[in-house]
1. Past the 32 Å Cα-Cα mark, which pairs from B:K3/B:K37; B:K149/B:K264; B:K93/B:K416; A:K117/B:K411?
2. May I ask you to list the residues of region B:115-142 whose amide nitrogen lies under 17 Å from a point 7 Å from Cα along the Cα→beta-carbon direction of B:I246?
3. Fewest to most neighbouring Cβ within 10 Å: what's the order for B:V29, B:V274?
4. Taking region B:1-87, which GluC sites (Glu not before Pro) meet the DSSP loop condition and have no more than 15 other C-beta atoms within 10 Å?
5. Could you tell me the relative contact order of region B:97-228? Use alpha-carbon pairs under 8 Å, at least six residues apart, and round to a whole percent.
6. Which ³J(HN,Hα) values, rounded to whole Hz and listed in residue order, are derived for region B:90-102 from phi using the Karplus coefficients 6.51, -1.76 and 1.60 in 6.51 cos²θ - 1.76 cosθ + 1.60 with θ = phi - 60°, glycine and proline given as x?
7. Compute the separation of the alpha-carbon centres of region B:82-133 and region B:350-413 and state it in Å as a whole number.
8. Among residues other than B:I110 whose Cβ falls under 14 Å from its Cβ, what is the net charge (Lys/Arg +1, Asp/Glu -1)?
Amino acid sequence: MVDTGVTSESEILNFDKALINGNEYNFEYKFLADNVLMLRLNNKNYYFTINENDEEGYLEINLNSRVFKVIPKSELDLILEKLSVNKGDVKDKKEIVSPMPGIISKLNVSEGQKVNKGDVFLVLEAMKMENEIKAKKDCVIKKVNVAEKKSVEKNELLLLLE
Amino acid sequence: MFKKILIANRGEIAVRIISTAKEMGVKTVAVYSDFDKYSLFTQIADEAYHIGESPSAKSYLKAETIIEVAKKSGATGIHPGYGFLSERGFFAKMCEENGIKFIGAGYKAIDLLGSKTEAKTLALKNNVPVVPGTEKPLTDVSEIKKISKIIGYPVLIKASAGGGGKGMRIVRKEEDIESSLRMAQSEAKSSFGDDSVFIEKYIESPRHIEFQILADEFGNVIHLGERECSMQRRHQKIIEETPSVIMSPELRTEMGECAKRIVKAAGYSNAGTVEFIVDKNNKYYFLEVNTRLQVEHPITELRTGLDLVREQLKIASGEKLSFRQEDIEFKGHSIECRICAEDSEANFMPSTGKITYMKNVLSNGMREDTGIVQGNEISVYYDPMISKLLSHGADRKTAIEKMKRALRDYKLVGIKTNISFLLSLLECKEFINGNYHTQFIENEFLKRESELTKPDEDTAAAVSLAGMLFKEKANGRKISTNHSNNTLKNNWIKKRVENYR
């Protein structure tokens, strides 16, 4: 569902001309709503809907119900990127927060417990569905902030990892 | 016919029922929770009454309040839809005691068929096959071995107090009985404090096939063919179709007659669904009866040309069925896809929020049943189904292609949906060949590495430019006023758009 490995360089040359990956294109466009874009590129029609994922900093660009995850970068971004040292894995999250309001229907972990990637930390019941919150990598539980049957709000801290 | 009915439900099914009632000249009364104050179904009904807070226990499940509203408004019938109070015998009984017609089965039939053991006994009595197994709890190893041999392997050992997969073991050969039994028993003992077990034949990779039934109050019963509902995840149906690819006219008649025998024996009236599981050799076993209108009923409507809600209202108002079994004609092929507010890529986590843009292209005979319009919120209070998209074509391939076209054209902004997941299911070879079963999604499909198809050059260029134009617009908004169109030219002269992962 997600495409990989494609990097494009685009430059808008004029109001109706763009240079993308070395090819010149004519284009017309109109935003039908804030997140809805009708684009005509060399007379081919594309009808996009776009969601911004602020947390992870990418755009989800949906074309014909197929989702492309895109990180747009300006020239300045690229220069800054080259200057900065390799920052390593910054997405290593230590806090597990509730993705939605609900009730903790099952708690599988306790403080100090080692957890393997893919194990279920806890089950969150919301919208009549049970949702498993799983470990994205091997980790150790530092603190458990919730208990079974407790209701939680969106973004409430559930667990702290070491 | 009723002059006025109350719809004890919400969302798409309330919209569905209200539509038919209005077409028949029947006035409609909606009831709503805090959350649904301005929902579509409350707008299109003739009257609407507030019945409580958003959680369903404080509104849509308040039987007494709903009956009071019916009386106050002068509604003489209550349609329960599906879910909520639809399969609660006590509610049907309360309606009757208050002189209100429950538009569904009688409470005795609801209670009888609602009990799994009683329904199974009824099926056996009426020569309808059920999954072979023991009726009494067992603990003795030699007895369990003896019975397993008669049933035939593989068998399923099930804790009698069990649930949620605990205390369950599949046993494929006799040597494994003792160790599996010990494990199942210790799990059952620690979880439920009871170590007795049932033995049942284990049906591998079964299909879920159900028959739509209509029964009037004079003992006339007909079936409207089957629905194949094997595309499920965690027992939630996702895609349904009719006919089933495995169905022959002979098997349809045979299973349809079984379904009719059960509901007849239960003294059932109104619309209902008899569910079966079917094994690899097309052997079928009765599962249960759903004593209500099903979510997926529209695929049967598309294939038979009947309006099931209309038939329900006619039956409940004491009319005889106006057709016989041989009058039912099945035409073409029909598919339903359930569009849900969930993130297919994050373990199907429900997605909540406001739908800021919603547009679908229902041309060329597509049907959509929904209670949602642009601007609505998806809340945590109710189930995450946004819409049922329905296609009908001369044959299966046409119906699939129509559905794919409509899913691709469907635009929804503000929440995550399973639309791309539905598309990938429709495109997988197992679905195309009709070679799938109830465990297919969980045990096979979701375990596959997703295929990484690169977009062609023009598409990649369009996506790249779209990202840029979007950023540009966002940027423009922030800087606002003193920037004209030059923003486009000056601020983001050279940008890089990168797909990652």
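Bear in mind these aren't lab numbers, they're just calculated from the coordinates by the rules spelled out. The shown structure was predicted, so the numbers you read here are calculated from the model rather than taken from an experiment. In this analysis, Cβ positions are derived from the backbone assuming ideal geometry, glycine residues included, and neighbour counts consider all displayed protein chains.
1. Values: B:K3/B:K37 25 Å; B:K149/B:K264 34 Å; B:K93/B:K416 41 Å; A:K117/B:K411 35 Å.
The answer is B:K149/B:K264; B:K93/B:K416; A:K117/B:K411.
2. Those under the cut-off are B:129-132.
3. Details: B:V29 25, B:V274 29.
In increasing order of surrounding Cβ atoms, one gets B:V29, B:V274.
4. Numbers: sites: B:E12, B:E23, B:E47, B:E53, B:E64, B:E68, B:E87; in loops: B:E53, B:E87.
Here the GluC sites (Glu not before Pro) that fit, given the DSSP loop and packing criteria, are B:E53.
5. On the way: 172 pairs, mean separation 28.1, N = 132.
Result for region B:97-228 is 21 percent.
6. My calculation for region B:90-102 gives 4, 6, 4, 5, 4, 4, 4, 5, 9, x, 10, 7, 7 Hz in order.
7. Cα centroid of region B:82-133 versus Cα centroid of region B:350-413: 32 Å apart.
8. 0
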